[in-house]
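The values are calculated or read from the model by the stated rules, or taken from the named source; none is laboratory data. Keep in mind it's a predicted model, so treat the numbers as computed, not measured. Using ideal geometry, Cβ is built from the backbone for each residue, glycine included, and neighbour counts are taken over all protein chains shown.
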């Protein structure tokens, strides 16, 4: 029987090949990047959804919707460009696949499978390209569910559509003009104080320049990032219960449909693990 992997805070993640732009949006050449670089899901607590009282294998169980961004490392397969800082500042690596019938503190338990990966930031929209490096070692797995898989892809599609629409919204002339005024205001009021404040720390000039650029980029992108975050939260609240109900309904309808099986390949072991403890 096909099993899927549970997730905990210590789960290690990598996204080895992810498309990203290397120039501003008006010039969209894209090259592959490596992301996350074996960091744990608990890397960032900004958008974390990790249980504080349900633990196994030494860390908390991860809930559906957990995001280990922002400031996730990116390494381009080519020379770094100024826009790399923007990708890092607004980075994402989220869990979009949940178990409708298994709850952790009232929320669906997150899971991973070679057919259901982590949703990572990418261009032109986020994509499910994140690998679970800890998969082979975990001792807890769940039974496969067509409903969970299908609804996970629906969530991913909603996330991609939301990102695309917000990007289009901020390219509309009045909103773009308002953002330019915001950037000009911040340039006058805040930017002059960044480097003197950083200079108080015992850091090298190169590190100061790097941090100064990162902070400026984060401030510049703050309105669009906030709009994308808030819209995603609203959509998630509106669709969460409905997708869970849909997942259960799909499983009832496809009760006799066999789960996907793995073809002989280097990742066959990831598709059909032999669990020690199953749920």
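Just a few scattered comments:
- Odd one out for residue 4, checked against (1) buried (at least 20 other Cβ atoms within 10 Å of the Cβ); (2) at positive phi: (2)
- Restricting segment 41-53 to residues that are in a strand (DSSP E or B) and modelled with pLDDT of 95 or more, the residue that is nearest to the chain's Cα centre (by Cα) is 50.
- Any chance residue 72 is outside any strand (DSSP E or B), touching a strand residue (DSSP E or B) at 6+ places or on another chain (Cβ under 8 Å), at pLDDT 90 or above and crowded, with 17+ Cβ neighbours inside 10 Å: yes
- Tallying residues that are assigned to a loop (DSSP other than H, G, I, E, B), surrounded by fewer than 20 Cβ atoms within 10 Å (Cβ to Cβ) and touching a strand residue (DSSP E or B) at 6+ places or on another chain (Cβ under 8 Å) within segment 75-98 yields 3.
- Matching residues in segment 179-209 - criterion: being surrounded by 13 or more Cβ atoms within 10 Å (Cβ to Cβ), free of Cβ contacts under 8 Å to residues at least 24 places away in the same chain and closer than 20 Å to residue 86 by Cβ: 187, 194, 195, 198, 208, 209
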